[in-house]
Structures are given as C-alpha cells and as structure tokens.
Amino acid sequence: MTVPNTAGPNTALLIVDLQNDFIHPKGAYARGGQGAPVIDALPGKVAPIATALRAAGGLVMATQFTLVPGLGGEPIISPHLLKLRPFLTKGDFAPGSWGQDVVDELQPIDVKIEKVAYSAFYMTRLEWVLRKIGVERLLVCGIVTNGGVASTVRDAHVRDIDVTVIEDCCAAFTDAVHRAAIEGLRPVARIATAADVLSELKPSSSSLAKS
C-alpha cells in the first residue's frame, strides 16, 4: 500500500472555524446555549496534527468566520443565520476580536483567512494565498462537517486542490449529520482518520537514517 504524501511544504492543515466565539465557554455560541461535547473536544485532537505537520515542513492555516460591522457597529448577519442563531449580537465574531480568533490550544496559526460564509473560498484570499505559497494539498478539519467543512472541501475540489478530510477531527451538532456529510464528501476528497494522518507524517526510517 502506498502511503499518501501528506508531508512537506506543499501541504497545509486547514482548520475550519475553531474559534473562541464558536467553542469557548465564554464565547457567543455558549452564551446562546449552542454547543456539543464532540465539538469542544476537537482542538485537542487537531493540535498534535498541527505540530506534526509543521515539523514536516507544512503550514497550519485557519479560517475565521467573521461578522462584518455595519452601521453603528451592528454586525451584518445573513437572514438564514440570524434565524438559526438569534442570539448573535454586536461584537460577536468581530474582526480582530477575541471571539473571532482561533482558540489558544491551536495557536500559533501560520496563515489566517477571514470568511463571511460557509466556504473558505467564497470572497476570500484563500485561493490566492495557496497558489502563491505553492500549497497543493489540504488536510481539512473543523466545524461544522455539513457546513463550513463540506462547502470548503467541495470548492477546493473544483479548483483541483487535493484534499484529505480528517473525519474524526471534524464534527457537527449531531453524529448523524456528521456521518451523512462525510459520506457525501467521499466522491470529492480522501477521507482519513487522525491516526492515519499522524502515521503518514512520521519520518520514515530511511529519512531518519539520512539525517
């Protein structure tokens, strides 16, 4: 069996939306009573992969869902999101705020990408950055599997970017929704576990012998 080439400077880990306002106990979603233990556990699962990939010469990138302030500083919120999350208010996910930032457990982040919708490619600089720094492969994780993760992975696929979805480093608000989303991504991405990826990132015995 050939081990996929996930290591090296042409690979980036893309962490989707693991931000304070989404998952920190003092964040906006916790204030609104929205959360799930499986989501809260993700930073601890993702951190070892970030460390291993960086040691292998890759990059750690993260998306930051952002509510752009409008008139009077009130956030511009899409109607569908406001209907789902009526608790969102001024200051939540604001540019440069604590809530918008990635959780401390996953810092530092090499490249941060602000986004205003599900996909990290929609109206952002992500594709431009990937092309400029020569990233050809993405390891994708984060939340939610059926939203930001799925949309980003599909957009990467149509741009001919090789994607591996780390299924146990993604989560949704229910396991059923998560599993359905993963199955829906199999035609457009490789699906792997955190253990798979960590194994692939370990230096081979031959490379250790040469060092």
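Suppose we keep only residues that are touching a strand residue (DSSP E or B) at 6+ places or on another chain (Cβ under 8 Å) and acidic (Asp, Glu) within the stretch 156-170. Which one would you say is surrounded by the fewest Cβ atoms within 10 Å (Cβ to Cβ)? Before the answer, list the steps.
First, pick out the residues of the stretch 156-170 that are touching a strand residue (DSSP E or B) at 6+ places or on another chain (Cβ under 8 Å): 156-157, 161-167, 169-170.
Retained after the next criterion (residues that are acidic (Asp, Glu)): 162, 167.
Numbers: ASP162: 18, GLU167: 20.
For the stretch 156-170, the residue satisfying everything is ASP162.
Could you please find all residues in the stretch 171-191 being surrounded by fewer than 20 Cβ atoms within 10 Å (Cβ to Cβ) and within 16 Å of the chain's Cα centre (by Cα)? Give the derivation first.
Residues of the stretch 171-191 surrounded by fewer than 20 Cβ atoms within 10 Å (Cβ to Cβ): 173-177, 179-180, 183-184, 186-188, 190-191.
Those that are surrounded by fewer than 20 Cβ atoms within 10 Å (Cβ to Cβ) and within 16 Å of the chain's Cα centre (by Cα): PHE173, ARG190, ILE191.
Look at GLY96 and say whether it is free of Cβ contacts under 8 Å to residues at least 24 places away in the same chain, surrounded by 15 or more Cβ atoms within 10 Å (Cβ to Cβ) and either in contact with a Phe, Trp or Tyr (Cβ under 9 Å, 6 or more places away or on another chain) or not β-branched (Val, Ile, Thr) (or both).
Details: free of Cβ contacts under 8 Å to residues at least 24 places away in the same chain: yes; surrounded by 15 or more Cβ atoms within 10 Å (Cβ to Cβ): no; either in contact with a Phe, Trp or Tyr (Cβ under 9 Å, 6 or more places away or on another chain) or not β-branched (Val, Ile, Thr) (or both): yes.
For GLY96, the condition - free of Cβ contacts under 8 Å to residues at least 24 places away in the same chain, surrounded by 15 or more Cβ atoms within 10 Å (Cβ to Cβ) and either in contact with a Phe, Trp or Tyr (Cβ under 9 Å, 6 or more places away or on another chain) or not β-branched (Val, Ile, Thr) (or both) - is not met.
For VAL129, state whether it is crowded, with 18+ Cβ neighbours inside 10 Å and under 25 Å from VAL197 (Cβ atoms).
On the way: crowded, with 18+ Cβ neighbours inside 10 Å: no; under 25 Å from VAL197 (Cβ atoms): yes.
It is false that VAL129 is crowded, with 18+ Cβ neighbours inside 10 Å and under 25 Å from VAL197 (Cβ atoms).
Test of understanding: among GLU74, GLU105, which residue is surrounded by fewer than 18 Cβ atoms within 10 Å (Cβ to Cβ), out of contact with any Ser or Thr (no Cβ under 8 Å at 6 or more places or on another chain) and closer than 22 Å to PRO25 by Cα?
Numbers: GLU74 fails: closer than 22 Å to PRO25 by Cα.
Residue meeting the stated conditions: GLU105.
Residue under question is THR6, and the condition is that it be modelled with pLDDT under 95 and surrounded by 16 or more Cβ atoms within 10 Å (Cβ to Cβ); does it hold? I'd like the intermediate steps shown before the answer.
Details: modelled with pLDDT under 95: yes; surrounded by 16 or more Cβ atoms within 10 Å (Cβ to Cβ): yes.
Yes: the conditions hold for THR6.
The values are calculated or read from the model by the stated rules, or taken from the named source; none is laboratory data. This structure is a prediction, so every number in the text was calculated from the model and none was measured. Because the Cβ atoms are built from the backbone with ideal geometry, glycine has one as well, and the counts that use them run over all protein chains shown.
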